[in-house]
1. Of everything in the stretch 596-622, what is assigned to a helix (DSSP H, G or I), surrounded by 13 or more Cβ atoms within 10 Å (Cβ to Cβ) and not hydroxyl-bearing (Ser, Thr, Tyr)? Give them in sequence order.
2. Looking for whichever is free of Cβ contacts under 8 Å to residues at least 40 places away in the same chain, open to solvent by 60 Å² or more (accessible area, probe 1.4 Å) and closer than 29 Å to His534 by Cα here; the options are Thr558, Thr588, Thr578. Which one fits?
3. Can you go through Lys99, Lys81, Lys77 and tell me which one is over 54 Å from the mean Cα position of the chain (by Cα), of a type in the set (D, E, K, R) and in a helix (DSSP H, G or I)?
4. For the stretch 111-143: of the residues being in contact (Cβ under 8 Å) with a residue 40 or more places away in the chain and under 17 Å from Ser177 (Cα atoms), which is surrounded by the most Cβ atoms within 10 Å (Cβ to Cβ)?
5. Looking only at residues that are open to solvent by 80 Å² or more (accessible area, probe 1.4 Å) and out of contact with any helix residue (DSSP H, G or I) (no Cβ under 9 Å at 6 or more places or on another chain) in the stretch 327-347, which one is nearest to Gly392 (Cα to Cα)?
6. Residues in the stretch 302-326 that are exposed (fewer than 14 other Cβ atoms within 10 Å of the Cβ), more than 49 Å from the chain's Cα centre (by Cα) and not polar (S, T, N, Q): how many?
7. Read through the list (1) more than 60 Å from the chain's Cα centre (by Cα); (2) not in a loop (DSSP other than H, G, I, E, B), then give the number of the only condition that His452 fails.
Amino acid sequence: MTHRTRMSVIFAVFVVALAFGWLVVAAPQAPDAKAPYDREADEEPDYPHGDLEADCLLCHSDQGWRPAHISKEFDHKQMSKGFALTGAHGTAQCTGCHKTLDFAQNKGASCFNCHLDVHRSELGNDCARCHTTVTFVDRSQQINMHRTGRFPLSGAHSTLDCASCHISSAQGKRVYSGTPTDCYACHRAQYEATKDPDHKTAGFPTDCAQCHSTRAWDQAIFDHNKTDFPLTGAHRAQACPACHPGGKFQGTSTDCYSCHRSNYDGTTNPNHKSAGFPTDCKRCHTTTNWNSNFDHSTTDFPLTGAHRSQPCPACHGDGVYNGKSTACYSCHKPAYDGTTNPNHRAAGFSTDCSQCHSTTSWDGANFDHTGTDFPLTGAHRNQPCDACHADGVYNGKSTDCYSCHKPAYDGTTNPNHRAAGFPTDCKQCHTTTNWDSNFDHNTTDFPLTGAHRNQPCPACHADGVYNGKSTACYSCHKPAYDGTTNPNHRAAGFSTDCSQCHNTTSWEGANFDHTGTDFPLTGAHRNQPCDACHADGVYNGKSTDCYSCHKPAYDGTTNPNHRAAGFPTDCKQCHTTTNWDSNFDHNTTDFPLTGAHRNLPCNGCHADGVYNGKPTACYSCHKTDYDRTTDPNHRAAGFPTDCTACHNTTTWSGARFEHDADYFPIYAGTHKGKWTNCSDCHTNSNNYAEFSCLGCHPHSDKAKTDGDHRGVSGYSYDSRACYRCHPRGRAD
């Protein structure tokens, strides 16, 4: 008996018992919702769902096993491990997707398990790119998918059915990924059938997007701005045949004359053809306004001022346009010839009217003297022309000051220009701004500085001499030079060039610049009064040797006694002008000081008063240390007296003999770190020539050592034999 049959029998017996009163009437109890069906308790299970572990009440009820009723608590996403029922999936019958009740046999959640791939894998296996569970044909979803592809849908394209563009191929297969994206592929029939204008005959490009849009196929608009002839002004409103008669588009000339020849030939005011006007209409016309507006700025004669408002016949009444003279005189000859104030022709004025007149106003001519050899400045600017040209002379007029100002030159007596032989070039002292004299001494060989600037001219030129006046200080300051006694300039033979000590700013407080001598002053020398060195009145030829001034200090110094020690009299070897205290630089000797030697007082080495010829050997100072040292005994051991072999100037203690360089290596190799004191090997502190290897290699090793050296010629178990064969301490 199957599980389903047993359940039916039990249910029937339950109903009969209840009807005959065999059972106490009570509310039927539902199976424990928490306990899943126990398949192992039945000897012959007939469980249709395979390995599904779930509560039966999620789909069945105790009121009847069938039809199954899906509870709200049933979670398909959880039961299927990720496939939630949304949209149309939520209303579909279970058997619509599950062909067997053993759900474990389903093939997974791939769309292709239920839905036929009409695209034949052209678009991949992600149906959700174009379809949704709400409705399988979701236009918005499909349009959105197209936005990320090669051909985003817009305008009328977005309302078309997919099959409108994705037509079947010759093999009956609908093409998706290989569908061409160029307009002509779909719209070839419209292109070839269009006659107004005839696209094919005219050779129009097959890129429909140049004139058409996806919003509306009709009302095509060609963008002329992308051609060699962008449309502007009235050209924009013209119908295509106005410029392209006969349907000719390719190769249409962009020259104005090609369309406007009749206008050019028919125009008589002025007559374009006879005047030889250029056929380039845009020189005078625009696409906005056909009325002529010739731009004279493009010619050799741009119009300015009153010329702008003149009608063309005012200058071109003779009908001449090309080659018309641009000279003022060609139009203004009557005005030039008729002018008498001044008489232009008689004065030989230039026929270039622009030199005095402007196009803004003919009257009020203003000649620009700037363009001549005599530009007007200062008071000259406000003079009337007659002030200088009363003689009627304009061309060749002298520009020399004297030619106008001779009366002023000859009549001046303070100073008397003529008597003093002053130059007749007035501008050397006068300016056009101010006639009062202001002679610039900077233009002479003696520019005025300091107090010289404020002196009146007679202070130096009382003798009436201006030209050839001496510029030497002594020529004016001889009385001051001769009368000075502190110091006596004449007796001392001082230079008569006052500028060596004095300046023009202040005569007092003379300050001689020693820098220019053989003895520039430095340090404390700078602040010494002159008498400190020149009390003897000697200035020229004064000795620059330190000893000449500092002999008393040299002779009187006893610590150390300079004279007894034979110190050089060149004080600067130890002293400086900044600090008199001695600072002898031992680096200039044969014994530069290093380490602890630097901090020793001079007496530390020179207590015997010997400086010159002092020995530089360590032993000369350290003999006592050498003789008294017993560990090891330097003298008994015959150590060298060159202390630097083991000691350094930084620290005397911790002497280190460089054994490895020439002797048995103890700071490297197998013996490194195997000893503590020199006496470990040198057992006789009075004789370092003696040594013992057996202190580290005792007699207990003899048997082994003898065995290792069996057959070695001259072998014996003693230290000197060891050293003969192993001078570097290596076994090989």
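1. Within the stretch 596-622, the subset assigned to a helix (DSSP H, G or I) is 596-599, 603-606, 618-622.
Going one step further and asking which of them are surrounded by 13 or more Cβ atoms within 10 Å (Cβ to Cβ), we end up with 596-597, 605-606, 618-619, 621-622.
Passing the criteria: Ala596, His597, Cys605, His606, Cys618, Cys621, His622.
2. Working: Thr588 fails: closer than 29 Å to His534 by Cα; Thr578 fails: free of Cβ contacts under 8 Å to residues at least 40 places away in the same chain.
The match here is Thr558.
3. After ruling out the rest, the residue left standing is Lys77.
4. His119
5. Kept after step one, since they are open to solvent by 80 Å² or more (accessible area, probe 1.4 Å), are these residues of the stretch 327-347: 333-334, 340-341, 345-346.
Pick out the ones that are also out of contact with any helix residue (DSSP H, G or I) (no Cβ under 9 Å at 6 or more places or on another chain) and you get 333-334, 341, 346.
Values: Lys333: 21, Pro334: 22, Asn341: 11, Ala346: 9 Å.
It comes out as Ala346.
6. Final tally of qualifying residues: 12.
7. Looking at each condition in turn, His452 falls short on (1).
Rundown of residues vs (1) open to solvent by less than 70 Å² (accessible area, probe 1.4 Å); (2) in contact (Cβ under 8 Å) with a residue 40 or more places away in the chain; (3) assigned to a helix (DSSP H, G or I), yes/no style:
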site	(1), (2), (3)
Pro479	no, no, yes
Phe494	yes, yes, no
Ser506	yes, yes, no
Asn511	no, no, no
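The values are calculated or read from the model by the stated rules, or taken from the named source; none is laboratory data. Just so it is clear, the structure is predicted and the values come from calculations on it, not from any experiment. A quick note on method: Cβ atoms are made from the backbone with ideal geometry, for glycine too, and the neighbour counts reach across all protein chains shown. Each accessible area value is taken on the protein alone, full model and side chains, heavy atoms only, with ligands, DNA and RNA left out. Shrake-Rupley method; radii C 1.70, N 1.55, O 1.52, S 1.80 Å.
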